[in-house]
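S.K.: Dropping the structure in here first, questions after.
The values are calculated or read from the model by the stated rules, or taken from the named source; none is laboratory data. Everything numeric in this text was worked out from a predicted model, so none of it was measured. A quick note on method: Cβ atoms are made from the backbone with ideal geometry, for glycine too, and the neighbour counts reach across all protein chains shown. Keep in mind that these areas ignore ligands, DNA and RNA; they rest on the heavy atoms of the full protein, side chains included. Shrake-Rupley method; radii C 1.70, N 1.55, O 1.52, S 1.80 Å.
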Amino acid sequence: MPDVFDPRLYAAGVPHERYRVLRERYPVAWQEEPEVQGWPAGPGFWAVTRHADVVRVLRDHTAYSSWLGATQIRDPDPADLPFLRRTMLNQDPPEHGRLRRLVSRAFTPARVDAFAGRARERARTLLAAARDGAEDGAADLVRTVTDEYALLNLTDLLGVPAADRGLLLEWTVRVIGYQDPEDAPAPLLGPDGKPLNPRSPALLGEMFGYARELAAYKRAHPADDVMTALAQGGLDPAELEMFFFLLTVAGNDTVRSAAPGGLLALARDPDAYRTLADGTAPVDRAVEELLRVHPPVLSFRRTAARDTELAGTRIRAGDKVVVFHASANHDERVFTDPHRLDLGRAPNPHVSFGDGPHVCLGAHFARLQLRALYEEWRTAMPAPELTAEPRRLVSNFINGVTRLPLRVSGPRR
């Protein structure tokens, strides 16, 4: 049975051949969960790899719960579970719907669309700085462009003061990159000598304290931003803290992962890039296709709420069920020639932003940012070309690129 759990696999690339074997032979496959890099072993889980089954799991919260065991593959410490259940991500309807409606009032399309011009100008400025400051015509686009681009756009929308923005990136790296010994600092250990979950209350106190201070400031000095809307939106203090955590980490890392992933896909397929550069492929469709081939999130966990059956496999109540977005996005049953980068692909029912009640709240904001970045690239930059091998994040959760050396000077096309 192909292993798709070990986070070290993903440092070499998304294991598409393993996914293909699972889709063909074992669409709901039992996966062992051994100890990896000091993180303790778990009981194992069912890996769901076909598109139809992934969508079914994501839509059916009555059978596949986010609340029972939260949404990460590894089981949380039982003492942390009540805390983790405060966030919308780890709730089921109807409680999930109440919180989603509250935050949706803050995260309105009109408020997001108002940032379109600012995002485009930021993309233009960062790309020009990368080009002008490059040595030998090459630059690491993660360090010079995409990390800053995602972070600054998010903090503008939230209303985080400029002096505090570095804190958000630090917290994001700590939470997202915890499986990667190079990307994250050494994990803090608990009294039992085991690594502490970076999502545990013990390690989020600093972020929560900041969220309370920022909310108090916004109540006294309201502005047209998401944190002002949340501070005035009727959330209790614990709910507001968890929303700040969710928006800071998920809101930042969605684009922080998707943007370099899309540029890497274009660098590896010059013919496809030419269809974007010459306008043959509409930008909106190109954004969707780049999201399909490089989803920001690799997997999400649910827990079976009752005995059930999926693709002919019996699943017991309490079993972990993990959907693999990157596999679903390459399912031959849904996508013709799925490993071909077709920037004009339509329809394109990828699940990169999930499906069902938990579909990504920030998807509109992410698409807006990605469109601006790709349009500014094709206007001012050469065809993307790798100048060295990229580095991928060690993670079975986030589809991260931590270094992306590209040529940034030369002919535009």
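S.K.: Given +1 on the Cβ of Lys and Arg, -1 on the Cβ of Asp and Glu, and no further charges, what dipole in debye does the stretch 1-119 carry about its Cα centre, rounded to the nearest 20? Please list the in-between numbers first.
M.R.: Working: 17 positive and 15 negative charges, 161 e Å.
Around 780 debye, computed over the stretch 1-119.
S.K.: So, one more: Return the carbon/sulfur percentage of the accessible area of the chain, one whole number, probe 1.4 Å, all protein chains in place.
M.R.: For the chain, the apolar C and S fraction of the accessible surface comes to 53 percent.
S.K.: Provide the gained length on full extension for the span ALA114 to ALA380, in nm with one decimal, where the gain is 0.36 nm per separating residue minus the Cα-Cα distance.
M.R.: Numbers: separation 266, 0.36 × 266 = 95.76 nm, distance 2.36 nm.
Length gained between ALA114 and ALA380: 93.4 nm.
S.K.: Residues of the chain: accessible area per residue at 1.4 Å, in Å²? Before the final figure, lay out the partial values.
M.R.: Details: 16640 Å² over 413 residues.
Result: 40 Å² of accessible area for each residue.
S.K.: Answer with one residue from VAL142, ALA130, ALA63: the one whose Cα lies farthest towards the positive end of the charge dipole of the stretch 55-181, charges on Cβ with Lys, Arg +1 and Asp, Glu -1.
M.R.: ALA63
S.K.: Here's something else I'd like to know. Skipping prolines and chain starts, which residues have an amide H placed within reach, meaning under 5 Å, of the one on VAL297, given they are 5 or more residues away or on another chain?
M.R.: Long-range HN contacts for VAL297: ASN399.
S.K.: Collect residues whose amide H, placed 1.01 Å from N in the peptide plane, falls under 5 Å from the amide H of VAL321; neighbours closer than 5 in sequence don't count.
M.R.: TRP46, ARG302, THR303, ALA304
S.K.: Could you give me the ³J(HN,Hα) list for the stretch 100-111, computed from phi with Karplus coefficients 6.51, -1.76, 1.60 and θ = phi - 60°, whole Hz, x at Gly and Pro?
M.R.: 4, 5, 4, 6, 4, 5, 7, 9, 6, x, 5, 5
S.K.: I would also like to ask the following. Just check the stretch 1-159 against the gyration tensor rule for me: Cα atoms, a ≥ b ≥ c as the square roots of the eigenvalues, rounded for a/c under 1.5, and otherwise prolate or oblate depending on whether a/b exceeds b/c. Intermediate results must be reported in sequence, preceding the final value.
M.R.: Working: a/c = 2.10, a/b = 1.32, b/c = 1.59.
In terms of gyration-tensor shape, oblate.
S.K.: Taking the Cα centre of the chain as origin, sum charge times position over the Cβ atoms of Lys and Arg (+1) and Asp and Glu (-1), and report the length of that vector in debye to the nearest 20. Could you put the intermediate results ahead of the total?
M.R.: Values: 52 positive and 55 negative charges, 166 e Å.
Charge dipole of the chain: 800 debye, to the nearest 20.
S.K.: Using +1 on the beta carbon of Lys and Arg, -1 on that of Asp and Glu, and nothing else charged, what's the dipole of the stretch 282-354 about the Cα centre, debye to 20?
M.R.: On the way: 11 positive and 10 negative charges, 72 e Å.
Taking the Cα centre of the stretch 282-354 as origin, the dipole is about 340 debye.
S.K.: Is the shape of the stretch 358-402 best called rounded, prolate or oblate, per the rule: a/c under 1.5 gives rounded, else a/b larger than b/c gives prolate, else oblate, with a ≥ b ≥ c the square roots of the Cα gyration tensor eigenvalues? Write down the numbers at each step before the final one.
M.R.: Numbers: a/c = 5.04, a/b = 1.11, b/c = 4.56.
Cα axes put the stretch 358-402 in the oblate bin.
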